[in-house]
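Below is one structure, written out as structure tokens; the observations come after it.
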Amino acid sequence: MASSTSPAVTTDWEPLADSPYPVAVLGPDGELLHASHSAHRLLAAPAGTVPHWLRRAHLDLPADGTPPETVRHTDPVAGRIEAHPSPRPDGSAVWWFVVPEGLPGVLPRTAGGGSHDWELLTRLSGLLLSSLNVDRVLETAVRQAALHLADAAVVVAPGSGRTLRFVTCLRGGDPAHVQVRADSAEVPGLAEALQGFPPVPSRWIDPDATPRWLVPAGFGRVGSVLVTPLPGHGVPAGALVLLRAAGGGPFPADEEVFARMFAARAGAAASAAVLYSEQAAVTDLLMRELLPPRLEHLNGVDFAGGYRASVDRDRIGGDFYDVHPAADPDGETLALLGDVSGKGLEAAVMTGKVRNTLHALLPLADDHGRVLHLLNRALLTSHHTRFASLVLASVRREDDRVRVRLSAAGHPAPMVVRTDGRVTESTTLGSIVGVLPEATTRTDTVLLDPGEACVLYSDGITEAKGGPTGREQFGEDRLRQALQQCAGLPAEAIVERVQMLTAQWLREGRHDDMAVMVIAAPPRGHVAVTGGPRGRAA
């Protein structure tokens with residue numbers, strides 16, 4: 001909006017203030033001499049200012065008496081506007097505005113609202129519900145309230161002691177966030193509105209008693225004040241304060257009703273955003289404990305892992321992996337990878353239970369059979385009906401080799417990648433946990449020479465459907481062929497290779513949770529950093 005100094009309003013234009021159609025009078029230099037209430041709402045310009053497009057059109061009016069043409073402008077909120085000028089001999093002009101599509105809120109409203117009111121509320125509701133960010137919703141509410149309902153608007157958040165937080169906006173301006181130490185009782189009706197009580201009529205509020213901390217900077221003298229609550233979901237979402245400049249007239253009864261309807265929609269949108277932000281914060285807090293850990297170089301052994309949930313928007317699911325370092329460098333590090341039946345949040349909760357149970361059983365980690373037996377009993381006594389498969393791996397560095405004891409429980413046997421490109425499969429096998437009275441397993445021991453790796457994976461890798469037909473499984477043979485090309489690669493590179501190939505195989509197809517973990521013996525010359533991040537080659 002273009003700013004210009006506004007001269008005193010001439011009294012002979014006052015009868016046009018309540019014109020049924022928007023009308024504005026501009027002086028010879030494009031200054032605003034007068035505008036009806038409906039024109040103020042249409043142009044959405046701060047008091048005493050003229051929009052750029054209107055001022056430019058006014059200054060381009062022909063001075064030779066040629067009949068002026070209709071000016072057409074498209075406003076992002078109001079839509080198409082037609083401006084019809086009537087030039088006067090002194091260089092001023094009367095501009096009459098027509099909105100072909102019918103601008104909600106421009107024509108005078110009748111008590112109880114009319115069709116234009118509902119059109120405007122529908123449009124504003126869409127704007128308010130376009131975001132679930134609390135600050136953005138409040139900014140949208142205060143901007144639209146200042147644009148359509150008053151000369152300035154303030155949205156006050158629910159109070160917290162003596163500190164008040166609110167968002168202010170002048171018509172046509174940008175919202176500003178404010179925080180002050182003040183008492184809401186200084187504004188008549190505000191304390192009650194923040195508690196959800198019905199508003200008091202605006203005619204009962206003395207505008208001169210409005211505290212300056214509530215009035216936006218540069219607003220000037222307040223002529224009328226309207227305070228209404230923002231109803232929320234069970235609890236008040238705040239309060240809306242509308243300010244009209246001196247000379248703009250009081251808020252009639254029908255506009256008070258319209259403001260309450262707008263506040264109801266703004267309160268619902270703000271309350272929904274608050275609920276969403278609280279749920280997102282709780283979910284994020286819980287998810288931190290459920291997310292797979294960051295794997296690194298531990299006690300002379302390289303660990304790396306990768307995970308992809310069945311639903312791309314989720315970060316957690318039924319597959320999991322974990323690593324529990326040994327208390328001393330010469331002890332065994334316990335690594336595990338598993339798969340809980342099902343998908344989504346319920347499977348993730350079960351995953352957390354399995355991981356926590358195994359963490360409690362760490363003192364018994366030397367005996368894989370004992371650990372799986374106790375885990376099986378814990379799942380059988382749980383109210384969950386889900387089961388799990390997993391692989392336990394006890395890892396120890398022995399000179400330049402790595403010894404890995406593997407015990408599977410209903411899970412695909414790990415594959416071992418040798419330095420010459422051979423890929424062998426561990427002989428471990430066992431029953432799933434959480435179904436049968438007893439869990440059985442057969443432990444296998446694998447020795448990894450420098451540069452060799454043991455790959456643990458979930459069946460989401462081998463059962464991933466895709467390829468040319470979109471229905472063919474990736475399969476163990478393709479996984480084995482892919483691992484043959486990973487001989488001598490670091491653990492992280494093997495994980496990335498497997499994830500890349502399965503993603504290419506899937507394309508955009510649906511898939512189960514997929515997890516892969518690699519345990520590797522560092523190549524000779526590798527600088528081992530015990531308990532620290534991955535070392536670099538010498």
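The values are calculated or read from the model by the stated rules, or taken from the named source; none is laboratory data. Predicted model, so just to flag it, every value in this text is computed and none were measured. Cβ coordinates were reconstructed from backbone atoms using ideal geometry, including for glycine residues, and neighbour counts include every protein chain displayed. Surface accessibility is based on the protein's heavy atoms, side chains included, excluding ligands, DNA and RNA. Shrake-Rupley method; radii C 1.70, N 1.55, O 1.52, S 1.80 Å.
Tabulated data for the structure shown
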{"quantity": "Under 5 Å, built H, 5+ apart or other chain: amide partners of K343", "calculated": "none"}
{"quantity": "Rounded Å value of the spacing that divides the Cα centres of the range 181-224 and the range 483-523", "calculated": "63 Å"}
{"quantity": "Compactness of the range 308-456 - radius of gyration and Dmax, Cα, Å", "calculated": "15.6, 49"}
{"quantity": "Under 5 Å, built H, 5+ apart or other chain: amide partners of R80", "calculated": "D75, E101"}
{"quantity": "Relative packing of peptides 374-386, 327-339 - highest average C-beta neighbours within 10 Å first", "calculated": "327-339, 374-386"}
{"quantity": "Candidate residues H84, H368, H177: accessible-area rank, largest first, probe 1.4 Å", "calculated": "H177, H84, H368"}
{"quantity": "Mean Cβ count within 10 Å, highest first, over the residues of peptides 448-456, 465-473", "calculated": "448-456, 465-473"}
{"quantity": "Amide hydrogen neighbours beyond the local backbone of V416, cut-off 5 Å, H modeled", "calculated": "T424, E425, S426, V455"}
{"quantity": "Under Karplus coefficients 6.51, -1.76 and 1.60, residue-wise ³J(HN,Hα) of the range 215-231 in Hz, glycine/proline x", "calculated": "7, x, 4, x, 6, x, 7, 7, x, 7, 10, 10, 10, 9, x, 9, x"}
{"quantity": "With DNA, RNA and ligands ignored, accessible area of Y321 (1.4 Å probe; Å², nearest 10)", "calculated": "10 Å²"}
{"quantity": "In Hz, Karplus ³J(HN,Hα) per residue of the range 406-421 (6.51, -1.76, 1.60; θ = phi - 60°; x = Gly, Pro)", "calculated": "10, 9, 9, 10, x, 10, x, 5, x, 10, 10, 9, 8, 5, 8, x"}
{"quantity": "Backbone HN-Hα couplings from phi across the range 166-172 [Karplus 6.51/-1.76/1.60, Hz, Gly and Pro as x]", "calculated": "8, 10, 10, 7, 8, 4, x"}
